[in-house]
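Okay, structure first, notes after.
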Amino acid sequence: MLNRRVTVYFDGPNPEDPLVLEYVATGVEAAQFTLAATQAGLTVTVDGMVRPGLRRLPCNTLWH
């Protein structure tokens, strides 16, 4: 069930220009992605605030 919103925060070219991406995922996908992403130095939050129009968390084979 796609019931987790995954928000990924990237640094932008300037500190005032961050890039924030939101995705929808299952709880297991969100946990696995968060572990891999934080180990790579990214900031990630996961919550249940899923809304229509969120894209599916892509390419789980890259971080699984």
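Read-outs: derived from the displayed coordinates by stated rules, not from any lab. What you are looking at is a predicted structure, and each value in this text was computed from that prediction instead of being measured. Neighbour counts run over all protein chains shown; Cβ positions are idealised from the backbone, glycine included.
Using only Cα atoms, find the angle between the long axis of helix 27-39 and the longest principal axis of the chain, and express it within 0 to 90 degrees, rounded to the nearest 10.
Helix 27-39 sits roughly 20 degrees off the main axis of the chain.
Can you list residues from other chains, or at least 5 along the same chain, whose modelled amide H is less than 5 Å from the amide H of V50?
Residues meeting the amide H criterion: R5.
Restricting to Cα pairs below 8 Å that are 6+ residues apart, what does the relative contact order work out to for the chain? Please round to a whole percent.
41 percent
Could you give the nm distance between label points at V44 and F10, where each point is 7 Å from its Cα heading toward the beta carbon?
Label at V44, label at F10, 1.5 nm between them.
Would the chain count as rounded, prolate or oblate if I go by the C-alpha gyration tensor, calling it rounded below 1.5 in a/c and otherwise prolate when a/b exceeds b/c, oblate otherwise?
Oblate.
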